[in-house]
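What follows draws every value from the coordinates through simple rules; no lab data is involved. Since this is a predicted model, take the numbers as computed values, not measurements. Neighbour counts are summed over all protein chains in view; Cβ atoms, including those assigned to glycine, are modelled from backbone coordinates with ideal geometry.
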Amino acid sequence: MDFSFSEDQGAIRDLAKQILSDQATETRLNQLKAESEGFDKNLWYQFAESGLLGMAIPESSGGSGFGLTELCLMLEEQGRHVAPMPLLPSLVLAALPIARFGSKE
């Protein structure tokens, strides 16, 4: 069995890593701490613009249709950079269950 990541999975991980490396710097983290911001809204915007926030959402709901593995790669990069964003609660605990179990109503 081959357990290596696919090309698409690697691209998602690399995109998340690039955005986080550029935005979640020590200087920025200290600035957010001093401003008592709950999360980095600019970083969240960058993830939204890049399509990362919707990548695990089914295509039928407007997402990219990837899955939990790709989402975990993104969360791993978030943890590696200690990026203050609500990815886990927003995507894993809210968006994915709504996409899976929600209805049009």
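If you place +1 on the Cβ of every Lys and Arg and -1 on the Cβ of every Asp and Glu, how big does the dipole about the Cα centre of segment 7-101 come out, in debye to the nearest 20?
Details: 7 positive and 13 negative charges, 52 e Å.
The calculated dipole for segment 7-101 is roughly 260 debye.
For the chain, what relative contact order do you get, as a whole percent, if you take Cα pairs closer than 8 Å and at least 6 residues apart? Could you put the intermediate results ahead of the total?
Values: 87 pairs, mean separation 32.4, N = 105.
Over the chain, the number comes to 31 percent.
Would the chain count as rounded, prolate or oblate if I go by the C-alpha gyration tensor, calling it rounded below 1.5 in a/c and otherwise prolate when a/b exceeds b/c, oblate otherwise?
Values: a/c = 2.30, a/b = 1.35, b/c = 1.71.
Oblate, since a/c reaches 1.5 and b/c is not below a/b.
At what distance in angstrom do the alpha carbon centres of segment 61-91 and segment 1-59 lie from each other?
7
Between the helical axis of 7-23 and the dominant principal axis of the chain, each derived from Cα atoms, what acute angle in degrees is found, rounded to the nearest 10?
For 7-23 against the chain, the angle is about 20 degrees.
So what are the ³J(HN,Hα) numbers for segment 59-69, from phi and the Karplus equation (6.51, -1.76, 1.60; θ = phi - 60°), rounded to whole Hz, Gly and Pro as x?
Going residue by residue, I get 4, 5, 9, x, x, 9, x, 7, x, 5, 4 Hz, with x marking Gly and Pro.
List the residues of segment 47-87 whose backbone N lies under 16 Å from a point placed 7 Å from the Cα of Q9 along the Cα-to-Cβ direction.
What the label zone holds, given the 16 Å backbone N cut-off, is 56, 65-77.
Apply the Karplus curve 6.51 cos²θ - 1.76 cosθ + 1.60, θ = phi - 60°, to the phi angles in segment 90-105 and return the couplings in whole Hz, x for Gly and Pro.
With coefficients 6.51, -1.76 and 1.60, one gets 6, 8, 6, 8, 10, 5, 5, x, 5, 5, 7, 10, x, 10, 4, 5 Hz.
What GluC sites (Glu not before Pro) in segment 1-42 are in a loop by DSSP, with at most 15 other Cβ atoms within 10 Å of the Cβ?
Values: sites: E7, E26, E35, E37; in loops: E37.
Here the sparse-neighbourhood loop sites are E37.
Fully extended, how many nm does the chain gain between L93 and S50 (0.36 nm per residue separation, minus their Cα-Cα distance)?
This chain segment gains 13.4 nm when fully extended.
Go ahead and estimate [θ] at 222 nm for the chain from helices alone: -39,500 (n - 2.57) per DSSP H run with n ≥ 4, summed, over the residue count, rounded to 500.
Details: 5 runs with 57 residues, N = 105.
It comes out at -16500 deg cm²/dmol, rounded to the nearest 500.
Mind checking the angle between helix 26-35 and the chain's longest principal axis? C-alpha axes, 0 to 90 degrees, to the nearest 10.
80
With θ set to phi - 60°, apply the Karplus curve 6.51 cos²θ - 1.76 cosθ + 1.60 along segment 39-48 and write out the HN-Hα couplings as whole Hz, x wherever there is a Gly or Pro.
Karplus values, whole Hz, x for Gly and Pro: 7, 8, 5, 5, 5, 4, 4, 4, 5, 5.
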